[in-house]
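The values are calculated or read from the model by the stated rules, or taken from the named source; none is laboratory data. Note that this is a predicted model, so its numbers are computed, not measured. Positions of Cβ are backbone-derived with ideal geometry, glycine not excepted, and every protein chain shown enters the neighbour counts.
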Amino acid sequence: MMNDFMEKENQVAETVIEGVAEDLKRTQGGCIMDGTIEPCTLVIIGASGDLTARKLVPSLFNLHRNKGLPDPFLIVGCGRTKMGDEAFRESMKDALAQNARIDQETWGAFAEALFYRPIQYDDPSSYVDLAEYLRSLDREYGTKGNRIFYLAIPPGLYETTARMLGRAGLSEEREGWSRIVVEKPFGRDLKTAIALDSVLDEHFEEHQIFRIDHYLAKETVQNILMLRFANAIFEPLWNRQYIDHVSIMASETLGVERRAGYYEKTGVLRDMFQNHMMQLLALTAMEPPSLFEADRVRDEKAKLYRSLRPFPTESLQEYLVLGQYGSGRIGGKAVPAYREEQNVSPDSLTPTFAMMKIFMDNWRWQGVPFYLSSGKRLAEKRTEILIQFKEIPHSMFREVLGEDIRANRLTLGIYPEEKITLTFQTKNPGAKVCLRSVTMDFHYHQGYEGPALDAYEKVLLDVMMGDHMLFWRQDGVELCWSFLTPILEECETCGNREQMLLTYEAGSRGPEAVENLRHGIPTF
């Protein structure tokens with residue numbers, strides 16, 4: 001009898017293992033792309049710039065190498081730099097070669113799809129000529145009039161370029177579809193965000209506009225919704241009854257680098273909070289949508305943004321920490337202070353670090369503080385979301401352990417380690433009753449051997465498929481600017497700006513006042 005029982009148990013175990021293996025195969029084979037993509041042409045406006053060489057072309061080349069692009073698919077670079085097709089191909093090949101070895105056969109097939117057209121961004125005739133050139137490519141290669149216009153240019157040129165594209169008829173969807181991709185920032189404040197949208201709306205419909213935030217395309221960021229809404233063990237605890245506070249952090253070791261001209265006008269609040277941090281907040285705190293569909297998800301994000309409690313600008317010192325990095329050491333190497341960086345004013349008051357305490361006025365999160373922080377030249381490059389649960393309401397162990405029992409913590413690691421960690425308490429082995437904190441880890445790529453998409457590869461594919469799930473909708477943009485604009489105005493016009501801006505050592509964890517913020521002590 002026992003032998004029969006053991007044999008049946010082994011058969012069941014083998015069946016389960018085979019089923020898991022089959023599920024894994026299906027998952028690995030079916031998660032790169034859902035459906036087919038129509039032939040199209042990607043027009044990169046600003047193709048001679050840094051974004052094209054560092055992000056766009058490497059991502060497209062990887063998609064080509066993994067057979068993830070439509071056929072046919074063309075890339076037309078446009079910019080003020082005068083060059084021909086061959087010069088553009090060589091410059092892109094050089095850019096790719098800096099990070100990886102290039103298989104000549106694969107590169108040759110990819111290079112055949114690369115073209116270049118010089119344009120002047122404010123010259124209508126440049127766009128008329130571009131329109132005719134694109135039509136000729138459609139006829140020759142069969143791309144069916146489907147076009148994506150990617151604005152890889154400074155934000156100050158967005159409005160001009162969108163108008164020129166529209167006036168040349170390139171926004172029209174007569175033969176195929178036309179889409180425009182706009183990189184953040186979407187304006188500098190609420191007023192300029194509305195102005196930018198009004199220009200885009202002159203010639204493009206909302207379904208044609210893709211406001212890109214590559215943070216949203218990170219696999220572990222997308223996994224936040226899966227963790228919350230596909231697992232019954234988490235969502236019942238995801239509220240004010242069980243959670244003490246939430247911390248969302250995105251820290252960088254890099255300084256301003258070659259972006260000083262942009263960063264001096266922007267600062268950390270515009271650069272990181274209006275987009276990346278607000279998206280991470282929404283995914284962490286939003287209500288479940290009725291369907292996993294683009295507009296349903298974005299509806300819930302907008303609802304969450306509407307619940308943000310207006311920031312108390314009259315008492316910033318209780319809710320906000322601003323900092324600017326001084327000199328220090330990163331990775332054992334001396335680095336200069338922000339004010340010593342090239343093209344930075346020696347008396348600059350631009351913040352490179354911010355931490356804010358915010359609240360949502362809704363049923364789920366009433367009274368729960370959310371701490372959002374981001375900064376440059378910090379001790380490590382890390383992006384994570386920390387869910388701190390409340391302490392147990394009553395300690396039955398206080399006679400032997402005392403009152404201090406650490407609360408549970410769930411950490412969603414986004415970078416550098418893509419993982420989920422749950423910390424809880426257990427007993428140490430032995431006769432004496434002692435507690436210890438232990439963790440359960442899940443590494444995101446554990447058990448997966450298929451190809452993985454980086455953030456830009458994912459968003460480029462989504463634009464080709466017309467999927468808006470990972471892109472901003474205008475109401476979300478305006479709601480976030482409505483929340484942040486009063487903070488920016490108060491910080492940039494108040495008389496004690498210099499007192500508010502705390503210097504922190506490069507390579508540290510930011511201004512010491514962040515601990516004051518957590519404990520309700522004024523920060524300046």
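Go through the range 143-182 and give me each residue that's part of a helix (DSSP H, G or I) and either more than 21 Å from the chain's Cα centre (by Cα) or of a type in the set (S, T, N, Q) (or both).
Gly156, Leu157, Glu159, Thr160, Thr161, Ala162, Arg163, Met164, Leu165, Gly166, Arg167
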Legend entry - Residues (free of Cβ contacts under 8 Å to residues at least 40 places away in the same chain and under 34 Å from the mean Cα position of the chain (by Cα)) located in the range 124-142: Ser126, Ala131
Inset, instruction - Answer yes if at least one residue in the range 291-307 is modelled with pLDDT of 95 or more, in contact with a strand residue (DSSP E or B) (Cβ under 6 Å, 6 or more places away or on another chain) and not acidic (Asp, Glu), and no otherwise. - result: yes
Inset, instruction - Within the range 70-94, count every residue that is closer than 14 Å to Trp107 by Cβ and either hydroxyl-bearing (Ser, Thr, Tyr) or out of contact with any strand residue (DSSP E or B) (no Cβ under 7 Å at 6 or more places or on another chain) (or both). - result: 5
Inset, instruction - Six or more apart or on different chains, Cβ under 6 Å: which pairs go from a residue in the range 76-101 that's within 26 Å of Thr160 (Cβ to Cβ) and in contact (Cβ under 8 Å) with a residue 24 or more places away in the chain to one that's among the charged types (D, E, K, R) and crowded, with 17+ Cβ neighbours inside 10 Å? Could you list them? - result: Cys78/Arg117
Inset, instruction - Test each condition in (1) of a type outside the set (S, T, N, Q); (2) at pLDDT below 95; (3) touching a Cys at 6+ places or on another chain (Cβ under 9 Å) for Leu74 and report the one that comes out false. - result: (2)
Inset, instruction - Among the residues of the range 281-290, write down those that are touching a residue at least 40 places away in the same chain (Cβ under 8 Å) and not in a helix (DSSP H, G or I). - result: Glu287, Pro288
Legend entry - Whichever residue in the range 146-165 is under 16 Å from Phe210 (Cβ atoms) and among the small types (Gly, Ala, Ser) and, among such residues, is surrounded by the most Cβ atoms within 10 Å (Cβ to Cβ): Ala162
Legend entry - Candidate set from the range 331-347 (those that are surrounded by 18 or more Cβ atoms within 10 Å (Cβ to Cβ) and not aromatic (Phe, Trp, Tyr)); member that is farthest from Arg270 (Cα to Cα): Val335
Inset, instruction - Just give me the residues in the range 486-517 being crowded, with 20+ Cβ neighbours inside 10 Å and of a type in the set (Ser, Thr, Tyr), in sequence order. - result: Tyr504
Inset, instruction - Could you tell me which numbered condition Gly430 fails, if it satisfies all but one of (1) at pLDDT 85 or above; (2) of a type outside the set (Ser, Thr, Tyr); (3) surrounded by fewer than 14 Cβ atoms within 10 Å (Cβ to Cβ)? - result: (1)
Inset, instruction - Could you please let me know if Glu219 is surrounded by fewer than 21 Cβ atoms within 10 Å (Cβ to Cβ), more than 30 Å from Pro416 (Cβ to Cβ) and either charged (D, E, K, R) or under 31 Å from the mean Cα position of the chain (by Cα) (or both)? - result: no
Legend entry - Any hit, the range 256-266, residues being modelled with pLDDT under 95, surrounded by fewer than 21 Cβ atoms within 10 Å (Cβ to Cβ), aromatic (Phe, Trp, Tyr) and over 30 Å from Gly331 (Cβ atoms): no
